[in-house]
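The values are calculated or read from the model by the stated rules, or taken from the named source; none is laboratory data. Computed from a prediction, not measured in an experiment: that's the story for all the values here. Here Cβ is always computed from backbone atoms with ideal geometry, including for glycine, and neighbour counts include all displayed protein chains.
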Amino acid sequence: MNDYSALRRFKPWFWGVHWPLLLVAAAIGGFGLLALYSAAGGSAEPWMQTQLVRFAVGLLIAFVVASVDIDVWRRLAWLAWFGGVGLLLAVEFWGVTVNNATRWLQLGFVTLQPSELMRVAMVLVLAAWFQRFRHGEVSKKVWLFPVPALLVLVPALLVLRQPDFGTAAMILALGAAVIFMSGLHLWYFFAGAGALVAALPLIWVRLQEYQQERILTFLNPEGDPLGAGYHTIQSKIALGSGGLSGKGFLGGTQGHLSFLPEMHTDFIFTLLAEEFGLLGSVALLGLYLSLFAVMLFCAWRCRGMFGRLLVSGLCINLALYVFINVGMVSGLLPVVGVPLPLVSYGGTVVLVFFISLGLVVSVSRGRSAPAD
Amino acid sequence: MPRSLGPSPIARAREAERRQSARFTRRVLLLGGAQLAFATVLGARLYKIQVLDSEKYRLLAEQNRVSLRLIAAPRGKILDRQGKILAENTTRFQLVLLPAEVADAEQTLRTLAEILHLPDETLREITDRLKKHPRFLPYVVREELGWREVSAVEVNTPRLAGVYVVTSAARHYPQGEALSHVLGYISKPNEEDQKLYPQIRRVPGVKVGRSGLEIQYEAILQGRPGTKELEVDASGRPVRELSHKPGTPGEDLITTIDDGMQHYTWKRLQSERSAAAVVLDLYRGDVLALASHPSVDPGLFDGKLTDKTWQQLQSDPLKPLNNKVIAGQYAPGSTFKPVVALAALESGHGPHTEFYCPGHFTLGDHRFHCWKKEGHGRLTMRDAMKASCDVYFYQLGLKAGLENIAAVARLLGLGSRTRLGVSGESEGLVPSREWKRSVYNDRWHDGETVVLSIGQGSILTTPLQLAVMSARLATGLEIQPRLVRARLARPHRPVLRELSGLAHGLSLSPWSLAFVRDALDGVVNEIGGTAYRRRIDREGLEMAGKTGTSQVRRISPEEREDGVTKNEDLPWRRRDHALFIGYAPVARPRYAAAVVVEHGGGGSTVAAPIVRDILFHAQSKIERLAGDFNGDGARRG
């Protein structure tokens, strides 16, 4: 009768924690907190403190999500999807309008952007829908495709009405990517891409004027330096003046002088890149890449199709955030207002990240369980 | 029958699962590859910006650190005809708070409230606004601070980190409310102003004209903003000034107003509830004084006006925001009689035309009354003018006819806007047959000509038009009033823009004019004239003029029977308007004036004394025109 029982109970719990995932996330989050500290001019207030609290709450949520069996989440997938659509409809009616766009829900002291949560729910439901197919069935049972198509298109259209073209496009891309992972034959994707190219002129006409303007200035931002091209030019100045090794922590000038109005949210990458230089920005990109690699490894090790699709889908979702955000601040993509997960100040993205984290851990814990 | 040796269902399922896993693995690799590719592209992009083009962006960043600020050009002054200041720029003390430097906003504001005695309500308002204010931009807590408050803030500096007293430009109008209708006021530009004047769009603290001369000559007064290059530190605070290009100051405006005359005229109106007066110089039509009472302090609009005060001003029955001299429209009453006389003379009815006044005149089945119930008896034109006999003019008007009366009225400047160049001027109304048809779809009745002959009915005039009429009667010239003499591009190098030379002569016979002038002389300076008791009893300064009392109500036959209610017994709003037009000196007219006292009562008792005082003041106090200000400090001899 030795007293190892406590330790024995502790050990599986301890090793059950997905350490690589957590460490990479902690490193990225650390970067984010530094950036927010610097964005406030070397002060924990007003952003870093709040963000730290959010991280703590998010970690708690991640543990709760992780400790629930993945099968339960699979059964809850549809509920999550309908919940997301419900939130999007709520935005339609009671949303907060900023700059002509209604994207946010005011819930007491929290401002929620439901379109972000919707994407997680969509990955869940798509994974749940595609897991039933055996090898090759996906490509054969094409008549069933209106179902996933609706699962993607309904939220995309609701988001487009807000109007938020960037997020709508991301939802479409995410849906397509999950379907790609489900093993649909590649020819369908070639055909789809062809159709999309053909439809581009039509989409262009439907765009809001400010969105057209943004795309046009993206092609030639110097054309309107004080207007629509301002963001792109200023963020490139901030990036470029950072150089190889940066101006040192808290040594940035461009961010602090308020040349970038959304410095602590969508343009926070420029602040890091200015203060830590190319080394810093590439290091951050590397951290994100390792996060994705860990997630994809999880997905690959998974035996059930649900887990595979869920984890890879969540990975794609986060990757879209990162690539679009960095592409945007470096002038490769139009300014669409996409945050950098765990670095940008903002509650919804933190929530999305930690829910994703929890789901990945939940999947990796139950990876040996066969799919039903 | 032996079963074929195909794979068992379980094996087939296993095979399918293996192949599915294999395909998923391939797709994971594809996805990972794609992510790597994207990351590489981004990395390459960052390398290009942060390493290859770094120099270029470093330079741009340096330029970013140099902040270009626009500075408002000093607004042009408005001067009176002698160069005395009517509107100028002064500095005042503003209380400003820089949120980025305030450690504890709540505590700071509480201290401020204590020092400045701010009510809790204001404090709450400021706290709310401050929350939404950008951290690095100064927030204006108080637009204007008195000396005592400035020193109170200075003494408490240690407790008020991030709070500053700064100077800001303000507009000062030495004449205050006396001239506010003429000068107008200025305030912060709204979006439409910014569209109209794009050059001032980003200029901090700039103000634009809102009414009067300030808005009429906005483009001249405004000037061009200058620029200032500042090096700013990481928190956006200026470290030092790199360059300073002053803008072009606005041009000064030399008006025709005579500071002293204006002040006197304004003072003179204060005894009445609501009145308008205007004085013209007959030499060039210069408006020497233009006063509308009651008025408002123009400084009130410069950031101090509350909604409540504004609503009070707008709903005030005395209409203090209205410039009654140019916007008020009144029936001219008996001041219209010279027009009728001229029309009769011009159409061949000589001065000896006689009519009998029994106290009333009947046309068809309608009876028109004279102001004198017992009648004037038999009169010639000159006596009728002196006594202002209504019955005589009823009949003279009928003889002259509507067309002639209207033509002379228009010739004398009634029924159309003058070329004063200030917005808000009313047109007035000179009726005609066409007008009657188009507005009432009815023909012109002779009874209307009768009423028109004593300046009642549909005819409407502004006090300014009456003054112009007086000036034209006095000179026989087509005098146009003007408010601005010249603009001064730069001090000491004036660009004077004198308007028009002498006016053209009117197409009226000098003989008729001479007769009417003689009659107007009689009105004031002969026993029996309606304004005899209000004459200027000084050799060489005598004035000529005409009284007018215009009814704003109808007197019913019953009331006439019982005796007409006296003005004093009526509520103010239903009393008659008192009018007087005049010019002086009689021998060689130099100044003309018109006064309307709203609901003041009789023209001879209320309006005439005001004109008398104004014209006397003009002749005895105004320096000669030769002494007018020309911007170079010297007077032209």
Pair list, Cβ under 6 Å, 6 or more apart: region B:385-399 residue touching a residue at least 60 places away in the same chain (Cβ under 8 Å), other residue of a type in the set (Phe, Trp, Tyr) | B:Asp390/B:Trp371; B:Tyr394/B:Phe361; B:Tyr394/B:Phe368
Is one or more of the residues making up region B:584-594 in the same structural domain as B:His369 (by TED's automatic domain parsing), on the phi < 0 side of the Ramachandran plot, in a loop (DSSP other than H, G, I, E, B) and free of Cβ contacts under 8 Å to residues at least 12 places away in the same chain?
-> yes
In region A:316-342, which residue that is surrounded by 24 or more Cβ atoms within 10 Å (Cβ to Cβ) and at the interface with chain B (Cβ under 8 Å from one of its Cβ atoms) is modelled with the lowest pLDDT?
-> A:Ser330
Reported set for region B:74-92 where residues are farther than 14 Å from B:Gly209 by Cβ and of a type in the set (A, V, I, L, M) is B:Leu79, B:Ile85
Pick from A:Ser356, A:Ser362: which is among the small types (Gly, Ala, Ser), within 19 Å of A:Gln113 (Cα to Cα), more than 10 Å from chain B (Cβ to nearest Cβ) and part of a helix (DSSP H, G or I)?
-> A:Ser356
Run down A:Ser43, A:Ser115 and say which single residue is out of contact with any Asp or Glu (no Cβ under 6 Å at 6 or more places or on another chain), hydroxyl-bearing (Ser, Thr, Tyr) and within 14 Å of chain B (Cβ to nearest Cβ).
-> A:Ser43
Log entry, pairs with first residue in region B:156-181 being under 12 Å from B:Leu112 (Cβ atoms), second being aromatic (Phe, Trp, Tyr), beta carbons closer than 7 Å, six or more apart or on different chains, reads B:Val165/B:Phe93
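Answer yes if at least one residue in region A:138-146 is under 17 Å from the mean Cα position of the chain (by Cα), assigned to a loop (DSSP other than H, G, I, E, B) and surrounded by 12 or more Cβ atoms within 10 Å (Cβ to Cβ), and no otherwise.
no
Residues of region A:276-330 being outside any helix (DSSP H, G or I) and polar (S, T, N, Q), which ones?
Across region A:276-330, the qualifying residue is only A:Ser330.
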Being in contact with a helix residue (DSSP H, G or I) (Cβ under 9 Å, 6 or more places away or on another chain) and assigned to a helix (DSSP H, G or I) is the filter here, so list the residues in region B:143-152 that pass it.
-> B:Glu149, B:Ala152
Quick one: which residue in B:Ala103, B:Ala73, B:Ala87 is within 13 Å of another protein chain (Cβ to nearest Cβ) and small (Gly, Ala, Ser)?
-> B:Ala103
Give the residue that is farthest from the other protein chains (Cβ to nearest Cβ), with candidates limited to residues of region B:14-67 that are surrounded by fewer than 13 Cβ atoms within 10 Å (Cβ to Cβ) and among the charged types (D, E, K, R).
-> B:Arg14
So B:Leu363 clears everything in (1) crowded, with 17+ Cβ neighbours inside 10 Å; (2) touching a residue at least 24 places away in the same chain (Cβ under 8 Å); (3) not aromatic (Phe, Trp, Tyr) except one condition, right? Which one?
-> (1)
When A:Gln254 is run through (1) more than 30 Å from A:Leu359 (Cα to Cα); (2) within 13 Å of chain B (Cβ to nearest Cβ); (3) surrounded by fewer than 24 Cβ atoms within 10 Å (Cβ to Cβ); (4) at pLDDT below 80, the failure sits at (3)
Residues satisfying the stated conditions in region B:391-438, i.e. in a loop (DSSP other than H, G, I, E, B), surrounded by fewer than 18 Cβ atoms within 10 Å (Cβ to Cβ) and of a type in the set (D, E, K, R) = B:Arg417, B:Arg419, B:Glu427
Out of curiosity, is B:Ala11 modelled with pLDDT under 90 and more than 30 Å from A:Ser312 (Cα to Cα)?
-> no
Return a yes/no flag: does region B:3-11 have any residue that is more than 60 Å from the chain's Cα centre (by Cα), farther than 30 Å from A:Phe323 by Cα and of a type in the set (S, T, N, Q).
-> yes
Return only the number of the condition from (1) under 29 Å from B:Gln20 (Cα atoms); (2) out of contact with any Phe, Trp or Tyr (no Cβ under 8 Å at 6 or more places or on another chain); (3) surrounded by fewer than 20 Cβ atoms within 10 Å (Cβ to Cβ) that A:Ala198 does not satisfy.
-> (1)
Candidate set: region A:279-291, residues that are surrounded by 23 or more Cβ atoms within 10 Å (Cβ to Cβ) and within 9 Å of another protein chain (Cβ to nearest Cβ); chosen: the one modelled with the highest pLDDT | A:Tyr288
Test: A:Gly136 is farther than 23 Å from A:Asn317 by Cα and away from chain B (no Cβ under 14 Å) | no
Report, by residue number, each residue of region A:157-173 that is assigned to a helix (DSSP H, G or I), over 12 Å from A:Glu116 (Cβ atoms) and among the polar types (S, T, N, Q).
-> none
